[in-house]
Every structure is written in C-alpha cells, then in structure tokens.
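The values are calculated or read from the model by the stated rules, or taken from the named source; none is laboratory data. Everything numeric here is computed off the predicted structure, so don't read it as measured data. Counting neighbours? That spans all protein chains shown, and the Cβs are built from the backbone with ideal geometry, glycine included.
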C-alpha cells in the first residue's frame, strides 16, 4: 500500500511553507517518490537548479523509503550525491528511492546495521527529469530515532493514494524499473 505524505512546515513537502517546494510525496512498501518543480528562485547559476535543492529532493525520497519500507523514523546520518547533469528549473522532476542492502560495516555501525541500540536504514535514490534522464544519484544511511525525540505522528499527515495517482507516478520513465531493483 502507498500513501501520500506531507507536513506543514517542511521545506520539501510542507504545504504551508511559503518558501518551500510543496512537493508531492508518495511512500510505502514500494519506496519513496518525491515529485517537484524547482522554481526559478532556487537556481545556482542562471538556468541551473541549485545543488542544495537537488540534494533536498534526494534526501527526502530516501527518508520516505526508509520510513515506508522499514517503518523507521530516522535522521540522515550520511549522504553521498553524484551530480550527472544540471537540474533544470521550472521542469517537473521526480526523486525515486528504495532501501539498499548494507555494504559492509561503515565506520560506527556493525554488520547487522546498528549503531549501538539504534537501527540503520540504507537507501539509494535517483533524480529524474520527465524523459527519465538521470540528473543525480544518491545513497544514504539513516539512523533510527525514538518517537519521543521526533514525534512524527504529530506532524506527518497522510492519506491513502488512489490507484490512478500511483499508476501515474510509476509510469514516469525510469521509476518502475528502479523501484524493482534496477539502475
């Protein structure tokens, strides 16, 4: 099952954040999808979306993949991004993410993906344009936090996703194959 998620203040998905992206976020067992258009106010150089905005979309998609697929409330512990081509402003983009298997034991966590008593979620993501061209790729590690530390249930709103809405997102070039484990 998939849900559409949002909060009031988040820079990426916040519906009440006047300066935010107001992205459409979908997550569940399939992974995380974040659909947004970078406004012309979020450019680095003329005609090129700011790298920080690109990273925010990838990070959001991975957080939701960890939340939707592993049921973990987490914070980003490590994030690597590879920029492939400039992100165009004023063009719809989609960040798609899924859980990734652990690759060895990074510094600070053991072979079971834990830091002390806290679980680690690993995710990979791609940012694609409407033609399915790769804009950027990322991988990250997310450390589970206590619900009392971040009371997500109080700030995260959701509703069931209509099948046609999910089908629309899965038809986006490159999304379905990536969620099934392809690159």
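Data for the structure
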item: Residue tally, condition at pLDDT below 95 and either surrounded by fewer than 16 Cβ atoms within 10 Å (Cβ to Cβ) or farther than 17 Å from residue 69 by Cα (or both), over segment 133-165; result: 19
item: Unique match (being surrounded by 17 or more Cβ atoms within 10 Å (Cβ to Cβ), under 30 Å from residue 147 (Cβ atoms) and either modelled with pLDDT under 95 or touching a helix residue (DSSP H, G or I) at 6+ places or on another chain (Cβ under 7 Å) (or both)) among 43, 25; result: 25
item: Subset of segment 160-182 (residues that are part of a loop (DSSP other than H, G, I, E, B) and either touching a residue at least 12 places away in the same chain (Cβ under 8 Å) or touching a helix residue (DSSP H, G or I) at 6+ places or on another chain (Cβ under 6 Å) (or both)); result: 161, 172, 173, 174, 181
item: Among the candidates 53, 36, 61, residue that is buried (at least 16 other Cβ atoms within 10 Å of the Cβ) and farther than 27 Å from residue 162 by Cα; result: 53
item: Index of the failed condition, residue 90 passing every other in (1) assigned to a loop (DSSP other than H, G, I, E, B); (2) modelled with pLDDT of 95 or more; (3) farther than 16 Å from residue 57 by Cα; result: (3)
item: Filter result for residue 20 (free of Cβ contacts under 8 Å to residues at least 60 places away in the same chain and within 23 Å of residue 165 (Cβ to Cβ)); result: yes
item: When residues of segment 4-17 are limited to those that are in contact (Cβ under 8 Å) with a residue 60 or more places away in the chain and surrounded by 17 or more Cβ atoms within 10 Å (Cβ to Cβ), the one farthest from residue 65 (Cα to Cα); result: 7
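Each row is one residue, and each column tells you yes or no for (1) in contact with a strand residue (DSSP E or B) (Cβ under 9 Å, 6 or more places away or on another chain); (2) at pLDDT 95 or above; (3) assigned to a strand (DSSP E or B); (4) over 22 Å from residue 26 (Cβ atoms).
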{"position": "52", "(1), (2), (3), (4)": "no, yes, no, yes"}
{"position": "58", "(1), (2), (3), (4)": "yes, yes, no, no"}
{"position": "61", "(1), (2), (3), (4)": "yes, yes, no, no"}
{"position": "72", "(1), (2), (3), (4)": "yes, no, no, no"}
{"position": "80", "(1), (2), (3), (4)": "yes, yes, yes, yes"}
{"position": "85", "(1), (2), (3), (4)": "yes, yes, no, yes"}
{"position": "94", "(1), (2), (3), (4)": "yes, yes, yes, no"}
{"position": "98", "(1), (2), (3), (4)": "yes, yes, yes, no"}
